[in-house]
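Rule-based calculations on the coordinates, nothing more; no lab input. The shown structure was predicted, so the numbers you read here are calculated from the model rather than taken from an experiment. Every residue, glycine among them, receives a Cβ derived from its backbone with ideal geometry; neighbour counts consider all protein chains shown.
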Amino acid sequence: MNDRTEIANEVFHEIPNYEKRKKMSPEELSIFLSKQKKDSPAYILLSHELNLKIAKFQSKATLNAGWLGAAATIIATLLSGALGFFIGQNVK
């Protein structure tokens with residue numbers, strides 16, 4: 001083994017590999033993060049991955065809220081147009 005591989009194994013030996021971390025929930029990632037020494041390479045890596053996972057959940061929720069708002073706007077526009085049309089016909 002070369003020096004780089006030995007250092008990487010020493011620093012990251014307690015955390016799962018990338019494929020396992022990708023499947024983990026934010027709660028599981030935070031448990032592994034809490035076991036790391038602050039500002040260590042493993043801490044920085046897990047913190048970054050946890051932040052990305054949380055941002056992904058937040059962006060999905062924001063996108064869903066945006067679609068819901070757009071649908072409500074279209075429904076309100078159609079409803080107000082229909083009410084205006086029917087009320088306008090009855091005023092004569």
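Taking 7 Å along the Cα-to-C-beta vector as the label spot, tell me the Ile75-Ala55 distance in nanometres, rounded to one decimal.
So the label points at Ile75 and Ala55 sit 3.3 nm apart.
Considering only DSSP states other than H, G, I, E and B, which trypsin sites (Lys or Arg not before Pro) in segment 37-75 qualify as loop sites with at most 13 other Cβ atoms within 10 Å?
Here the trypsin sites (Lys or Arg not before Pro) that fit, given the DSSP loop and packing criteria, are Lys37, Lys38.
Just to verify a number: FRET efficiency for Asn64 and Lys22, C-beta to C-beta distance, R0 = 22 Å, to 0.05?
0.45
Among all the lysines, which ones have a C-alpha under 28 Å from Lys38's C-alpha, if same-chain residues fewer than 8 places away are not counted?
In chain and number order, the partners are Lys20, Lys22, Lys23, Lys53, Lys56.
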